[in-house]
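The values are calculated or read from the model by the stated rules, or taken from the named source; none is laboratory data. Keep in mind that what you see is a predicted model, and the values were worked out from it rather than measured. Because the Cβ atoms are built from the backbone with ideal geometry, glycine has one as well, and the counts that use them run over all protein chains shown.
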Amino acid sequence: MKIVYNERHAQHAAQKEFFRGQLVDAFEIPARADFVLQALQASELGPFVPVVDHGRVPLERVHAPAYLRFIEGAHAEWLALGGQGEAFPAVWPIRSLRSDVEPKSFAARMGLYSMDSGSPLTAGTWAAAYWGAQASLTALDLVLAGERSAYCLTRPPGHHAGADFFGGYCFINNAAVTAQAARDAGRQRVAILDVDYHHGNGTQAIFYERADVFFLSIHGDPQTEYPFFLGHADERGAGAGEGFNANYPLPAGASNEQWFEAFEKALVQLNAFAPELLIVSLGVDTYGGDPISHFRLDEPEFRRMGQSLASLQLPTLFLQEGGYATAAIGRNVLAVLAGFETTAQGQPGV
Ligand code: OKP
Ligand code: ZN
């Protein structure tokens, strides 16, 4: 399986994040990708393919240009305001307040373009996220050119980012950008399967009224788990997109049996859609040892996940999302990808 690695990921290196009233050590750190890189380099997977710059246009197919400009300049504005270290929002246009007027104040725009105070924005955030999207698009190119599969190793993750807001450590929605790019390249039906512990609210919202991109997600129940305000089972899409969104929320602490029961149901639904491309939002924070999540998957389950995904016999693009048990992420990602490869190698070409 070819791999595209976002070498610029470490430019986004927050020291701290806000959590329950305190600044605590950041969870979404460069070491996450470093451990995955080490595990991949020690494996049979590869080769590594260099990132190709596709420019800003494919990002603007999903994100508002004003939002992208904001992220690009935000940290410099923060410093100009007298802010120190990582930038955090403090005020949001919640119900009854207006979000259709872009305020001049940077503090206000920080709130307009974000969903939480737990996503530190640094001097290098734009570069890391921009090149993460480029790495994702490069991996997509490989699959569009006929590769059975490809994996993009990148951070920060993307699936919480909406068309015009960041949050949940995410700034550019790599899954949405690549799904849209695949549509623009002529693929008619694209499925995005999100197996991260957290619901991919950004990806869901971007495609909620569309029938050409089917979003499916298995995640911690938003009644108790981040992102809290989206991800319920009754969200099935709207308008032309009705029936093309599927959520499988599971209680925190759910067993592996419960997880695979939901996963197999999602795969049946996904298969019935007959997608021409499968994009997997691959978070491995479903791991039992994850510090901020509450499922129980481990190496054998990750391998089984990869095998089941290969059994769909679809061109498959894996994009890295979450996973915060830093030292175990490499092993867990490798288990998914190697499981996929062992099953895919026994198949006729797709
Ligand atoms: C991003 B992804 C823990 C707070 C958690 C946000 C979680 C974002 C997860 N101190 N806040 O889906 O893995
Ligand atoms: Zn997550």
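Residue by residue, here is whether (1) more than 21 Å from Gln320 (Cα to Cα); (2) surrounded by 21 or more Cβ atoms within 10 Å (Cβ to Cβ); (3) in contact with a Leu (Cβ under 8 Å, 6 or more places away or on another chain); (4) polar (S, T, N, Q) holds:
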| residue | (1), (2), (3), (4) |
| --- | --- |
| Gln258 | yes, no, yes, yes |
| Lys265 | yes, no, no, no |
| Phe273 | yes, no, no, no |
| Gly283 | no, yes, no, no |
| Thr286 | no, yes, yes, yes |
| Gly289 | no, no, no, no |
| Leu297 | no, yes, no, no |
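Please find, among Arg69, Arg20, Arg98, Arg32, the residue that is charged (D, E, K, R) and at pLDDT below 95.
Arg20
Being more than 20 Å from Ala191 (Cβ to Cβ) and surrounded by 17 or more Cβ atoms within 10 Å (Cβ to Cβ): is that true of Ser293 here?
yes
Restricting attention to the range 167-181, which residues are more than 15 Å from ligand 2 (Cβ to nearest atom) and either modelled with pLDDT under 95 or surrounded by 24 or more Cβ atoms within 10 Å (Cβ to Cβ) (or both)?
Passing the criteria: Ile172, Ala176, Val177, Thr178, Ala179.
Take the conditions under 15 Å from Arg8 (Cβ atoms), touching a strand residue (DSSP E or B) at 6+ places or on another chain (Cβ under 6 Å) and of a type outside the set (Lys, Arg) and apply them to Thr138. Does it pass?
So Thr138 passes the test.
Can you tell me which of Phe166, Phe215 is within 14 Å of ligand 1 (Cβ to nearest atom) and either outside any loop (DSSP other than H, G, I, E, B) or farther than 30 Å from Met110 by Cβ (or both)?
Among Phe166, Phe215, only Phe166 is within 14 Å of ligand 1 (Cβ to nearest atom) and either outside any loop (DSSP other than H, G, I, E, B) or farther than 30 Å from Met110 by Cβ (or both).
Here are some residues: Glu7, Glu28. Which one is of a type in the set (D, E, K, R) and within 16 Å of ligand 2 (Cβ to nearest atom)?
Sole residue among the options that is of a type in the set (D, E, K, R) and within 16 Å of ligand 2 (Cβ to nearest atom): Glu28.
Considering each residue of the range 140-163, count those that are outside any loop (DSSP other than H, G, I, E, B) and either away from ligand 1 (no atom under 16 Å from the Cβ) or in contact with a Lys or Arg (Cβ under 8 Å, 6 or more places away or on another chain) (or both), and give that number.
Of all residues in the range 140-163, those outside any loop (DSSP other than H, G, I, E, B) come to 140-144, 149-153, 162.
Narrowing further to those that are either away from ligand 1 (no atom under 16 Å from the Cβ) or in contact with a Lys or Arg (Cβ under 8 Å, 6 or more places away or on another chain) (or both): 140-144, 149-151.
Matching residues across the range 140-163 total 8.
When you scan the range 183-199, do you find a residue that is outside any helix (DSSP H, G or I), more than 26 Å from Pro65 (Cα to Cα) and in contact with a helix residue (DSSP H, G or I) (Cβ under 8 Å, 6 or more places away or on another chain), even just one?
Taking every residue of the range 183-199 in turn, at least one turns out to be outside any helix (DSSP H, G or I), more than 26 Å from Pro65 (Cα to Cα) and in contact with a helix residue (DSSP H, G or I) (Cβ under 8 Å, 6 or more places away or on another chain).
Can you pull out the residues in the range 185-209 that are out of contact with any Phe, Trp or Tyr (no Cβ under 7 Å at 6 or more places or on another chain) and more than 14 Å from ligand 1 (Cβ to nearest atom)?
Within the range 185-209, Ala185, Gly186, Arg187, Gln188, Val190, Leu193, Ala205, Ile206, Tyr208, Glu209 meet the criteria.
Under 6 Å between Cβ atoms, which residue pairs at least 6 apart in sequence (or on different chains) link something in the range 277-289 that is among the β-branched types (Val, Ile, Thr) with a partner that is part of a strand (DSSP E or B) and more than 16 Å from ligand 1 (Cβ to nearest atom)?
The qualifying pairs are Ile279/Leu317.
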